[in-house]
1. In this structure, is residue B:244 touching a residue at least 40 places away in the same chain (Cβ under 8 Å) and either buried (at least 23 other Cβ atoms within 10 Å of the Cβ) or hydrophobic (A, V, I, L, M, F, W, C) (or both)?
2. Failed condition for residue B:339, given (1) buried (at least 16 other Cβ atoms within 10 Å of the Cβ); (2) farther than 15 Å from residue B:230 by Cα; (3) of a type in the set (S, T, N, Q), with all others met?
3. Taking the stretch B:398-415 as the region of interest, how many residues are open to solvent by 10 Å² or more (accessible area, probe 1.4 Å) and more than 7 Å from chain A (Cβ to nearest Cβ)?
4. Give, as residue ranges, the helices (runs of 4 or more DSSP H) completely inside the stretch B:1-109 that count at least 3 residues that are touching a Ser or Thr at 6+ places or on another chain (Cβ under 6 Å), within 30 Å of residue B:414 (Cβ to Cβ) and in the same structural domain as residue B:145 (by TED's automatic domain parsing).
5. Would you please name the residue that is farthest from the other protein chains (Cβ to nearest Cβ), looking only at residues in the stretch B:247-260 that are of a type in the set (Ser, Thr, Tyr) and open to solvent by 10 Å² or more (accessible area, probe 1.4 Å)?
6. Within the group B:186, B:127, B:112, which residue is of a type outside the set (Ser, Thr, Tyr) and in contact with a helix residue (DSSP H, G or I) (Cβ under 7 Å, 6 or more places away or on another chain)?
7. Considering only the stretch A:345-394, state which residues are among the small types (Gly, Ala, Ser), more than 8 Å from chain B (Cβ to nearest Cβ) and under 19 Å from residue A:88 (Cα atoms).
8. Among the residues of the stretch B:219-236, which ones are within 13 Å of another protein chain (Cβ to nearest Cβ) and open to solvent by 30 Å² or more (accessible area, probe 1.4 Å)?
2 protein chains.
Amino acid sequence: MLTVNEQARLAREAATELATATRAAKDNALRAMADALLSRTPEILEANAADVAAAREGGLTDAIIDRLTLTDGRVAGMADALRQMAALPDPVGEVVRGSTLPNGLELRQIRVPFGVVGIVYEGRPNVTVDAAGICLKSGNAALLRGSSSAAKSNAALTAVLRDAIAGAGLPADAVQLLDATTRDSVKELMRARGLVDVLIPRGGASLIKAVVEESTVPVIETGVGNCHVYVDAAADLDKALAVTLNSKTQRLSTCNTAESLLVHADVADAFLPRMLAAFADAGVTVHGDDRVRSYSDAVVPATDEDFGTEYLSADISAAVVDSLPAAVQHIRRYGSQHTEAIITESVGAAREFTARVDAAAVMVNASTRFTDGGEFGFGAEIGISTQKLHARGPMGLPELTSTKYVVTGEGHVRS
Amino acid sequence: MLTVNEQARLAREAATELATATRAAKDNALRAMADALLSRTPEILEANAADVAAAREGGLTDAIIDRLTLTDGRVAGMADALRQMAALPDPVGEVVRGSTLPNGLELRQIRVPFGVVGIVYEGRPNVTVDAAGICLKSGNAALLRGSSSAAKSNAALTAVLRDAIAGAGLPADAVQLLDATTRDSVKELMRARGLVDVLIPRGGASLIKAVVEESTVPVIETGVGNCHVYVDAAADLDKALAVTLNSKTQRLSTCNTAESLLVHADVADAFLPRMLAAFADAGVTVHGDDRVRSYSDAVVPATDEDFGTEYLSADISAAVVDSLPAAVQHIRRYGSQHTEAIITESVGAAREFTARVDAAAVMVNASTRFTDGGEFGFGAEIGISTQKLHARGPMGLPELTSTKYVVTGEGHVRS
């Protein structure tokens, strides 16, 4: 078995070739990858069955086993995603900025691939296919380190993808799977500065924290979302009810799910009884401060820790605040700079909230669940960045590129 | 004396205020800073004289003492730079991308400040003023850690700037100087993740390497430039001579100075005798391979290490290559991805070189010395990034910002 450094060296060679591959060549490869997934579904499902059997033996939860399990339909879904990527514009070669300088030099800033992208992830096998596809489309080689529970599925998927890439005339080493049976492969990947250009951890808070602290390779942090909905004094309470319920319950376990509700004191009497009833109907437990608890015995007391918690479950923290600045202050203290929403009909309140709240996405009268590459129209998403450097919010194809200045003269010298 | 963490907390408070300051308020502060530098020049020069005296006692070189020394003219130059920043457009608030989504949601991606920027630098005291100004203009609070040899000068400059900022109604803590007498302040700064948003090291290779490896705060790497000039078979040799000489000798100690010359074998006979004579006239020592040495006894033998060296002196390495791909291969092996130049009249050669060379800037028939924020028309520069994440090449005001998505609906929920 190759070491991570050896794999990274092969990836770098492949990346050099990919960097100048035409869009047509890359799209052909993506379509060949989709075809291969369909024609070789049986061997993928066989490998997956072994992972699923081991997961059952290991006593993993039904939810995890469901996420791990592949079917004909799910493999077809992966193939569809690759075809959709083929239809997206190529970010590479885009002229981001350009001008002719006073001395006649022609300046162009052009999008180029990063080179080698490392992705460490837990979760569904479809991430393997998505990440391979989005990296290839953006001209990057991918080093994929999935979870050990999906090791056989990921190996089968990667084998199919690599064959298809080679068949389409591009280097198979553009997609490589790292050893998922040991933590050493993550450690080696984090120290491969110079060989790996960027590292994207996708998964739980502890994984992300470890990568951020230990990696010498530049990292794009994804993830934790302690998202708030603030119902302003000038809110339309029907919209507030619908948006809050959707933000919390449309899907419980995603980073853009709302985890905390803040209600302006002026509308608490009119809003909270309705909202608490709707949460009760939806099976959501509300962890409230004293003022929220005064509206219903079903509300359990919120601790300071509750307000800082990303539940990822049918729970939400809730507090009454006396002003918009108090809501902003609360969000600054407890939020994770992912997605924050205000419900208001006031232009002034919307303007103040969007200016003062520091987050990747700020929603006005819209569900927090909209922070998503697909919803934003990016066509493909490698994750949602919660850092400020390079990319912030949903990351599509352009976020997987860097730039290069090309300057053309006719013998220009500096005086 | 405050700890770095305490200073960073004050910076974060200041940054919150700066983030929503209008362009007018920031430009007023920049002009007030310029005025204060002029009116308080005597106390700045007095502090500087103490630094210079200590440097002489410490036996520092004349070159270092010259860089350290302030005069009325140099202080006036700093004030001018601040006035020029006031005249530049404000990057904050720029809508980078915007659209109305199919469901009617209005999506805008807006430039916002990073928040708190840490800058570690060696060298001239004018960096203190430049960095303070560019950070303030881009809405960021600055934590400045200069060299110990300039400690008194930097303290005087910072005191003047802080008074002016406060007088203009913005928070003085937007500009803070860290203790330069101990390495601990750099260490603390590198561990202040969550308080400091980005760290920019400017200085020698060892400083940059240490920060890159040890920092948990996201870093923008600046610096090392082992820049090449490649004279192609299709080069205009007069242009080649002028551009190579300018790239090497216009200023010896900058990161965009050429450190290596590659000459296509087809033009070596016609070009190298002229080039070597010109270098001899300019006092440049050429470290050449055997083929280069065959043209002049003055050429000293180049080791493998020479080709990887950023001399920052009147030295250049030189080799003859048999093809453009061989030149690209050499640059890939020895280059530092800063600036690479080709001299050619061939469109095909220029196209191949600019596509295949992986660097922040690629020059065609132009001096490597043009890789510079001022030359590129950015108006202000905080450094030249040699990494691929976030910013690559000269960094102006937009490179000191992140973005935020603002999404406006009318009660939109996700289905």
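The values are calculated or read from the model by the stated rules, or taken from the named source; none is laboratory data. The structure presented is a predicted model; accordingly, all values stated were derived computationally and were not measured. Note: ideal-geometry Cβ built from the backbone for every residue, glycine included; neighbour counts use all protein chains shown. Accessible surface is based on the protein model in full, side chains and every heavy atom, while ligands, DNA and RNA are left aside. Shrake-Rupley method; radii C 1.70, N 1.55, O 1.52, S 1.80 Å.
1. Values: touching a residue at least 40 places away in the same chain (Cβ under 8 Å): yes; either buried (at least 23 other Cβ atoms within 10 Å of the Cβ) or hydrophobic (A, V, I, L, M, F, W, C) (or both): yes.
It is true that residue B:244 is touching a residue at least 40 places away in the same chain (Cβ under 8 Å) and either buried (at least 23 other Cβ atoms within 10 Å of the Cβ) or hydrophobic (A, V, I, L, M, F, W, C) (or both).
2. (2)
3. Counting residues in the stretch B:398-415 that are open to solvent by 10 Å² or more (accessible area, probe 1.4 Å) and more than 7 Å from chain A (Cβ to nearest Cβ) gives 3.
4. Working: elements: B:4-19, B:23-39, B:41-57, B:62-68, B:72-87.
Those helices (runs of 4 or more DSSP H) do not exist here; none qualify.
5. Kept after step one, since they are of a type in the set (Ser, Thr, Tyr), are these residues of the stretch B:247-260: B:247, B:249, B:253-254, B:257, B:260.
Restricting the remaining residues to those that are open to solvent by 10 Å² or more (accessible area, probe 1.4 Å) gives B:249, B:253-254.
Numbers: B:249: 10, B:253: 15, B:254: 10 Å.
So the residue we want is B:253.
6. Numbers: B:186 fails: in contact with a helix residue (DSSP H, G or I) (Cβ under 7 Å, 6 or more places away or on another chain); B:127 fails: in contact with a helix residue (DSSP H, G or I) (Cβ under 7 Å, 6 or more places away or on another chain).
Only one candidate qualifies: B:112.
7. The answer is A:373, A:374, A:379, A:380, A:383.
8. Listed by number, the residues that qualify are B:221, B:224, B:236.
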